[in-house]
Each structure stands twice: as structure tokens, then as C-alpha cells.
Amino acid sequence: MSELASQGDVTAGPDPSAAPIQVRTITVQTGRLVCDIVIPDERFRRTTPGLAAFAAERFPDLPHHACVNAKGAAFGDVMEHTSTAHLLEHLAISLQTRAAAQAADSFVGTTEWTDEQAGEARVQLSFRDDLEALRAFNEATRFLNIAVLTCLA
Ligand SMILES: [Zn+2]
């Protein structure tokens with residue numbers, strides 16, 4: 001009983017045992033997935049060169065993805081210094097690309113902080129197949145959680 005009560009306590013801070021990147025909701029809209037995530041701990045919100053290298057080792061296509069950013073036209077221009085939510089978007093695109101055997105440019109995404117102070121972000125992904133996109137997003141989240149704990153903790 002006391003356990004339930006403490007779980008329901010909305011004033012409680014982030015659970016340190018919870019995953020660094022937590023998925024709040026995923027909504028399937030026409031042709032796109034809208035994923036609301038929260039990264040409660042500030043340490044896990046920004047990429048570093050080490051985290052970028054860790055991700056690129058397993059997903060060598062990442063730096064070559066087309067990406068709208070302030071520094072260039074490719075994700076590689078910003079991947080060492082961007083939000084981990086943005087990295088999550090590109091990981092999901094990479095996994096979708098593999099699953100669909102399509103060029104990475106077949107899928108597009110956007111990432112924005114909806115409440116940066118609270119670590120809340122929205123990642124949107126286009127897809128051909130909704131289940132494939134859901135799988136890709138979940139797999140990307142699982143990988144990123146391991147990656148940030150390995151590289152940023
Ligand atoms: Zn991008």
C-alpha cells in the first residue's frame with residue numbers, strides 16, 4: 001500500500017533507477033509517428049564526441065543522414081553536440097532504413113524540446129509502415145539508453 005502511495009506522488013522527483021530516456025506517449029498519425037519523451041536528468045540530454053562515436057560505430061550511416069541543422073546539411077555536422085533526443089530521431093531513422101532496405105533519405109524526422117527545462121522533447125518520424133516505425137523507435141530508445149549510460153553517466 002505504501003508503495004502504491006509513493007508511486008502516485010506527483011511531487012516526487014525523477015526516479016534515479018528509471019531509464020535515462022523515457023517514452024511518455026507514442027501517437028500514430030497519418031504517415032508519421034509522434035513520440036513524446038522525457039529525459040529527467042540533465043546529464044543525459046546532450047551528446048558528446050564520445051557518445052557520437054559510440055553510436056556511429058554501430059550505426060555508420062548516422063553522420064551521412066540528411067539533417068536540417070544550423071551547421072550544415074548532414075547529421076554528422078552536429079552529432080557530437082546536439083540533444084540526445086535528436087540522436088534518438090536519427091537512430092530510429094537508421095533502424096527504419098535497415099528494416100525497409102531503403103535509402104536513409106526516404107525517411108524524415110524532426111526533434112524539438114517541448115519543455116527544455118523539464119527535459120521534455122517531441123520526436124516525429126515519417127514512416128512507410130507503422131509497426132516497423134514503432135519497432136525502430138523502441139529499438140532506438142533501448143540502444144540510446146545503453147549508450148548514454150555507457151558514455152555520459
Ligand atoms: Zn537531424
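Bear in mind these aren't lab numbers, they're just calculated from the coordinates by the rules spelled out. All values reported here derive from a predicted model rather than from experimental measurement. Here the Cβ is made from the backbone with ideal geometry for all residues, glycine too, and neighbour counts use every protein chain on show.
Looking at the range 47-62, which of its residues are buried (at least 18 other Cβ atoms within 10 Å of the Cβ) and not in a loop (DSSP other than H, G, I, E, B)? Passing the criteria: 51, 52, 54, 55, 62.
To keep it simple, each residue is scored yes or no on (1) among the acidic types (Asp, Glu); (2) away from the ligand (no atom under 14 Å from the Cβ); (3) more than 24 Å from residue 38 (Cβ to Cβ); (4) out of contact with any Leu (no Cβ under 6 Å at 6 or more places or on another chain).
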| residue | (1), (2), (3), (4) |
| --- | --- |
| 49 | no, yes, yes, yes |
| 53 | no, yes, yes, yes |
| 62 | no, no, no, yes |
| 66 | no, no, yes, yes |
| 69 | no, no, no, yes |
| 80 | yes, no, no, yes |
| 85 | no, no, no, yes |
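For the range 112-125, the condition of being within 16 Å of the ligand (Cβ to nearest atom), basic (Lys, Arg) and assigned to a strand (DSSP E or B) holds for at least one residue.
When the residues of the range 80-100 are filtered to those that are more than 12 Å from the chain's Cα centre (by Cα) and among the polar types (S, T, N, Q), which remaining residue is surrounded by the fewest Cβ atoms within 10 Å (Cβ to Cβ)? Among those that are more than 12 Å from the chain's Cα centre (by Cα) and among the polar types (S, T, N, Q), it is 97.
Could you check, for the range 104-111, whether at least one of its residues is farther than 14 Å from residue 137 by Cβ, away from the ligand (no atom under 11 Å from the Cβ) and in a loop (DSSP other than H, G, I, E, B)? No, there is no match, as no residue in the range 104-111 is farther than 14 Å from residue 137 by Cβ, away from the ligand (no atom under 11 Å from the Cβ) and in a loop (DSSP other than H, G, I, E, B).
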